[in-house]
Amino acid sequence: QAFKSLDELAIRRCRDEAEVELVHKAFDFASSAHMNIRRRSGEPYILHPIEVATIVGTMTADREALAAAVLHDTVEDTPTTIEEIEEKFGSNISALVATETEDKRHDRPAAETWRIRKEESLEELNSVQDIRVKMIWLGDKLSNLRSLSREFKKSGVELWNSFNQKDPNEQKWYYTSVAEALKELENFDAYKEYLQCIEIIFG
């Protein structure tokens, strides 16, 4: 089911205990999938999807959106398959997770495919009708920008040396393009914080 407006999404509420349990189940699954994995910053990876779900929770109480937020990196960054997500959580959640999953093109260097992967992701983001997809995207990218802001305050532009894409202009293009694609969410505090982070990092 696609939610085409904020008003339409607002009428959906957590209906019963089973929906709450869905998020708990997603957390347990993601915790296992990301076990012993750390982010570039050194923090346990699971903290990122938890933060993403927390951000999404400021915009909606939709349990499928929250579960997908927790699971959003399991297919892209662990051996988990989208078929496993569908089997355990259903087609709605697997579809949400799929929109957050890049084709990594593991047969080629990540730096070489960075631009095309981002262009493909942006094209899909701009075409979606389900506003929950945009909420999860905002949660994900805001979490990333928060981390980048902390690193930027310590290292300045040197922080990009540890990334596949080391050109800050390319990074700025990507994050500002995401902001434009998510403009439908501009009244949310998370979107306003996203813009503030862009200003801090890229000026």
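The values are calculated or read from the model by the stated rules, or taken from the named source; none is laboratory data. Computed from a predicted structure; not experimentally measured. Here the Cβ is made from the backbone with ideal geometry for all residues, glycine too, and neighbour counts use every protein chain on show. With ligands, DNA and RNA removed, areas are computed over all heavy atoms of the protein, side chains included. Shrake-Rupley method; radii C 1.70, N 1.55, O 1.52, S 1.80 Å.
A few points about this structure:
- Among (1) of a type outside the set (S, T, N, Q); (2) surrounded by fewer than 20 Cβ atoms within 10 Å (Cβ to Cβ); (3) at pLDDT below 95 - the single one LEU159 does not satisfy: (2)
- Residue within region 147-156 that is within 21 Å of HIS72 (Cα to Cα), touching a residue at least 12 places away in the same chain (Cβ under 8 Å) and under 19 Å from the mean Cα position of the chain (by Cα) present: yes
- Verdict on ASN169 being surrounded by fewer than 16 Cβ atoms within 10 Å (Cβ to Cβ) and in a loop (DSSP other than H, G, I, E, B): no
- Any hit, region 81-88, residues being open to solvent by less than 20 Å² (accessible area, probe 1.4 Å), assigned to a helix (DSSP H, G or I), of a type in the set (Lys, Arg) and modelled with pLDDT of 95 or more: no
- Apart from one condition, ALA61 fits all of (1) surrounded by fewer than 21 Cβ atoms within 10 Å (Cβ to Cβ); (2) part of a helix (DSSP H, G or I); the exception is (2).
- Residue selected from region 21-53 under the condition in contact (Cβ under 8 Å) with a residue 24 or more places away in the chain and among the hydroxyl-bearing types (Ser, Thr, Tyr), by the criterion nearest to ILE131 (Cα to Cα): TYR45
- Residue match in region 102-118 (condition: charged (D, E, K, R), outside any helix (DSSP H, G or I), within 18 Å of SER177 (Cα to Cα) and out of contact with any Phe, Trp or Tyr (no Cβ under 7 Å at 6 or more places or on another chain)): yes
- Restricting region 173-203 to residues that are of a type in the set (Gly, Ala, Ser) and closer than 21 Å to ARG117 by Cα, the residue that is most open to solvent (accessible area, probe 1.4 Å) is SER177.
- Extreme residue, farthest from GLN129 (Cα to Cα), among residues of region 89-107 that are acidic (Asp, Glu) and open to solvent by less than 30 Å² (accessible area, probe 1.4 Å): GLU102
- ALA110 vs. criteria surrounded by fewer than 15 Cβ atoms within 10 Å (Cβ to Cβ) and closer than 25 Å to LYS166 by Cα: yes
- Test: residue in region 56-66 that is free of Cβ contacts under 8 Å to residues at least 40 places away in the same chain and within 30 Å of LYS154 (Cα to Cα): yes
- Evaluation of GLU51 against (1) at pLDDT 95 or above; (2) more than 17 Å from the chain's Cα centre (by Cα); (3) of a type in the set (Asp, Glu) (one fails), failing number: (2)
- The number of residues in region 64-80 that are open to solvent by 40 Å² or more (accessible area, probe 1.4 Å) and assigned to a loop (DSSP other than H, G, I, E, B) comes to 1.
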